[in-house]
Every structure is written in structure tokens, then in C-alpha cells.
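A short write-up of the structure that comes next.
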Amino acid sequence: MKEIDWSSLSFGYMPTDYNVRINYRNGEWGVLEVSSSDTLNIHMAATCLHYGQEAFEGLKAFRGKDGKIRIFRIEENAKRLQSSSEGIMMAKLPIDRFVEAVKKVVELNERFVPPYGSGASLYIRPLLIGTSAQVGVKPAAEYMLVIFVTPVGPYFKSGFKPSPYAILRHFDRVAPLGTGRIKVGGNYAASLQAGDEAHRLGYSAVLYLDAKEKKYLDECGPANFFAIRGNSYITPKSDSILPSITNDSLTILAEDMGMTVERRPIEVSELATFEEAGACGTAAVISPIERIDDLDEKKSYVFSKDGEAGPICTKLYNKLQGIQYGDEPDTHGWNTIV
Ligand code: PLP
Ligand code: COI
């Protein structure tokens with residue numbers, strides 16, 4: 001294997017040795033198959049291609065100082081895939097089958113789990129697709145779960161350095177009662193134009209507002225939004241955002257640290273009152289927000305003036321990563337060691 005420069009990895013795809021697959025046919029899930037091919041052979045009328053019957057997940061495995069590999073909160077991703085499957089009428093994979101498949105694919109690609117101290121991790125990407133042919137708009141009869149892994153570095157180029165975000169009102173990512181709460185590919189297709197515009201203007205990502213009133217904060221492209229004010233960790237409550245497992249973990253860690261957690265609708269104008277803000281997710285971990293520019297209202301909300309993350313964001317980041325890499329005790333039982 002060509003030497004991998006672990007500490008300069010970005011968030012991209014690199015081929016690994018194996019992926020795993022489970023097919024759903026005749027009303028049941030089959031055996032776990034191991035593949036070394038990185039392509040799929042599917043019917044041209046498969047529902048995933050035409051009608052968006054596709055959901056995915058994202059989780060990570062970390063190598064600790066003790067050499068052990070820890071996978072973070074697998075069951076939560078398993079449950080969320082079930083909820084995505086329900087949302088677009090796909091067959092639901094049992095939690096234990098998901099856990100078994102994730103452990104297997106990590107074990108098979110153990111040599112791609114980045115070394116402790118490199119700052120990198122192994123990204124795990126489960127994908128569930130409708131594979132059988134339909135021309136009418138209806139759910140497929142057959143499904144395929146595929147899980148591949150790839151070693152990754154930071155999602156946003158800035159890593160743990162604060163970067164700017166933009167509010168753009170001329171795009172919506174999801175509808176108020178639509179698919180925002182589940183992790184389906186269509187949401188990401190719908191976010192590409194807005195993301196591209198934000199990048200061209202020099203921003204890391206878009207901070208979306210609620211699509212109905214454009215009054216409340218929703219989430220940050222591929223990550224949830226949170227803010228700190230005094231002793232409070234504040235994060236939006238909305239029916240059109242993805243329930244982030246990272247955000248859930250941060251609320252628990254904030255409470256452990258004696259903070260109050262507020263999960264409630266947050267009006268845009270409240271941004272002016274926050275001391276720190278961040279985007280959080282599996283890929284992003286915590287991406288501290290330098291400032292949010294409301295491009296329509298011509299307002300700028302600044303959270304970092306010195307190019308550094310605030311003290312609470314830093315503390316939460318260190319605690320979360322400490323648990324993930326095994327440096328801190330896993331008091332909530334979040335890690336699965338393989
Ligand atoms: N919001 C969106 C739209 C995402 O794609 C993600 C990434 O999975 C998140 C939030 C963060 O969720 P999690 O922390 O479970 O990765
Ligand atoms: C994740 O954080 O795992 C994501 O899925 C975000 C993005 C890469 C789509």
C-alpha cells in the first residue's frame with residue numbers, strides 16, 4: 001500500500017480493501033456479503049435512480065493511544081437509518097444487522113483506521129437503496145445495504161479554526177413537513193446550489209432558516225447549529241432538521257459540565273445575543289463559527305474576532321474527541337470497541 005499521509009487527509013474518498021452488503025429480497029434480509037469491488041451492478045429502472053429511494057448514514061471509527069478501535073454510537077445511526085427508511089418506504093434493516101455490518105467492515109479495513117495523534121479517523125458510510133425496477137411511482141420490492149469506509153481528515157478546510165457562514169433566503173433545503181428529519185440523498189441534491197453560492201462568496205456553508213417563515217434558524221448545510229450564551233447551550237428545535245447524533249452528544253456533555261440545554265425555536269435576531277456559535281456533525285465534529293452574514297438583511301453576527309474558537313466550544317470539542325479517541329472515560333457507553 002502506498003504510504004498514506006494521515007495528517008494531511010481531507011474529507012474525500014480513498015479506496016479501501018472491502019465493503020459489505022446485505023440484500024433484501026422476498027421480504028427478508030439476506031446474509032452479509034463481503035465485496036472488494038467498489039461498483040454496484042443495478043437495474044436501470046431501480047427506484048433509487050428514478051424516485052430517490054435512497055438513504056445514507058455517516059459515522060466514524062477512531063484509533064486510540066491504546067491501539068484499540070472505537071466506533072462512536074453505532075446504534076443511533078442504526079435507528080436513524082430505520083427512521084429514514086420509514087420516511088421513504090424502504091425495508092427497515094434491524095439494528096443488530098446494522099451493528100454487525102458496521103463492525104465487520106471496520107475489522108476488514110483495520111489498516112485504514114488512521115493512527116492515534118494524526119487527527120484523522122475512519123469515516124463509515126452506510127447506504128440503503130431501492131434496487132428493483134418500477135416505472136410507476138411506488139416503493140421497490142428489493143433493497144441493498146452497502147457500507148464502505150474511507151479514512152478522512154476535517155470536513156471543513158478550516159478544521160477547528162472558526163470560519164464564516166451565510167444566510168441566503170433564496171434557497172430552501174427542505175420543506176416544512178418534508179424530508180429534513182431524515183437522511184435522504186434528495187436533501188443534499190437540493191442543497192448543492194446554495195452550498196455552491198456560499199462557497200463562491202467565501203463561506204464554509206449556508207445557515208438555513210425555516211422554509212415556512214424564514215424567521216427561525218434551522219441548520220448549517222451538513223451539520224446542526226448550536227450557540228452558547230452564558231451557561232446555556234442553545235440549539236434549534238425544528239421539524240425540518242436532521243436529529244444530529246453529535247448534537248445530542250454535545251447536549252449531554254454540556255449538561256455533564258453543569259450547563260443548561262435549551263432546545264427551542266431560535267429567531268434569527270437572537271444571533272446578536274450569542275457569545276459563541278458552532279456547526280456540529282459527524283463529519284464536521286465541531287466547526288466553530290467565526291461570523292454569520294445575513295446577506296439579505298445586510299447584517300453580520302460576529303462570534304470570533306481573534307481567529308480562535310471560544311472557550312466553551314473548545315471545551316466541548318476536547319471532551320467529545322477525548323471520548324471518541326479513548327483519552328477520556330466513556331461514561332455514557334457511546335463507544336463500541338472492535
Ligand atoms: N444535519 C445534516 C443535514 C447532516 O447531513 C448531518 C450529518 O450527518 C448532521 C446534521 C449531523 O448529524 P450527525 O451528528 O448525526 O452526523
Ligand atoms: C456526516 O456528518 O456524516 C454527513 O453525512 C455530512 C455530510 C458528509 C453529508
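No value in this document is a laboratory result; all are computed from the given coordinates. For clarity, every value in this text was computed on a predicted model and none was experimentally measured. Glycine gets a Cβ as well: all are built from the backbone with ideal geometry, and neighbour counts include every protein chain shown.
Semi-axes, largest first, in whole Å: what does sqrt of 5 times each Cα gyration tensor eigenvalue give for segment 6-152? Walk me through the numbers before you get to the answer.
Values: eigenvalues 172, 45, 34 Å².
Working from the Cα gyration tensor, I get semi-axes of 29, 15, 13 Å.
Identify all lysines with a Cα-Cα distance to Lys212 below 17 Å; exclude those on the same chain that are fewer than 8 residues away in sequence.
Filter leaves Lys237.
On a 0 to 90 degree scale, rounded to 10, what angle separates helix 245-256 from the longest Cα axis of the chain?
Computed tilt is about 50 degrees.
What is the gain in length, in nm to one decimal, between Leu49 and Val302 on full extension, counting 0.36 nm per residue of separation less the C-alpha to C-alpha distance?
Working: separation 253, 0.36 × 253 = 91.08 nm, distance 4.21 nm.
Here the answer is 86.9 nm.
Assign one of three labels to segment 73-206, namely rounded, prolate or oblate, based on the Cα gyration tensor with a ≥ b ≥ c the square roots of its eigenvalues; rounded applies when a/c is under 1.5, prolate when it is not and a/b is larger than b/c, and oblate otherwise. Could you put the intermediate results ahead of the total?
Numbers: a/c = 2.36, a/b = 1.09, b/c = 2.17.
Verdict is oblate for segment 73-206.
Whole angstrom only: what separates the Cα centroid of segment 234-276 from the Cα centroid of segment 1-44?
Between the Cα centre of segment 234-276 and that of segment 1-44, the gap is 34 Å.
Going 7 Å from the Cα of Glu110 along its beta-carbon direction, which residues of segment 4-29 have the amide nitrogen within less than 16 Å of the resulting point?
Inside the label zone: 17-18.
Starting from the Cα gyration tensor of segment 39-84, take the square roots of the eigenvalues, sort them a ≥ b ≥ c, and report rounded, prolate or oblate (rounded when a/c is under 1.5, otherwise prolate if a/b is larger than b/c, else oblate).
Oblate shape, in that a/c is at least 1.5 and b/c is the bigger or equal ratio.
In a GNM of the chain with a 10 Å cut-off on Cα contacts, which of Glu110, Glu219, Glu290 has the highest mean-square fluctuation?
Glu110
Expected output is a single nm value to one decimal: the length gained when fully extending between Thr39 and Lys212, i.e. 0.36 nm times separation in residues minus the C-alpha distance. What is it? Could the numbers behind the result be given before it?
On the way: separation 173, 0.36 × 173 = 62.28 nm, distance 3.97 nm.
58.3 nm is the gain from fully extending Thr39 to Lys212.
Summing Lys, Arg as +1 and Asp, Glu as -1, what charge do residues with Cβ under 11 Å from the Cβ of Pro114 carry, Pro114 excluded?
Values: positive: Lys60, Arg63, Arg111; negative: Asp5.
Net charge in that neighbourhood comes out at +2.
With springs only between Cα atoms under 10 Å, which of Pro236, Pro115, Pro94 fluctuates most in a Gaussian network model of the chain?
Pro94
Rounded to the nearest 500 deg cm²/dmol, what is the calculated helix-only ellipticity per residue at 222 nm for the chain, with -39500 (n - 2.57) per DSSP H run of length n ≥ 4?
Values: 7 runs with 72 residues, N = 338.
So the helix-based figure for the chain works out to -6500 deg cm²/dmol.
Pull out the extension gain between Thr273 and Leu177, defined as 0.36 nm times the separation in residues minus the alpha carbon to alpha carbon distance; nm, one decimal. Write down the numbers at each step before the final one.
On the way: separation 96, 0.36 × 96 = 34.56 nm, distance 2.91 nm.
Value of the extension gain: 31.7 nm.
From the Cα gyration tensor of the chain, with a ≥ b ≥ c the square roots of its eigenvalues, which class applies: rounded if a/c is under 1.5, or else prolate if a/b is larger than b/c, or else oblate? Intermediate results must be reported in sequence, preceding the final value.
Working: a/c = 1.80, a/b = 1.26, b/c = 1.43.
Taking the square roots of the gyration eigenvalues as a ≥ b ≥ c, the chain is oblate.
Helix 311-324 against the longest principal axis of the chain: what's the angle in degrees, Cα atoms only, rounded to the nearest 10?
Tilt of helix 311-324: around 20 degrees.
If you average the alpha carbon positions of segment 164-201 and of segment 102-132, how far apart do those two centres end up, in angstrom?
26
Among the lysines, select those whose C-alpha is under 23 Å from the C-alpha of Lys92, and discard any that sit fewer than 8 residues away in the same chain.
Output for Lys92: Lys60, Lys79, Lys103, Lys104, Lys138, Lys183.
Once both axes come from the Cα atoms, what is the angle between helix 95-108 and the longest principal axis of the chain, in degrees from 0 to 90, rounded to 10?
90
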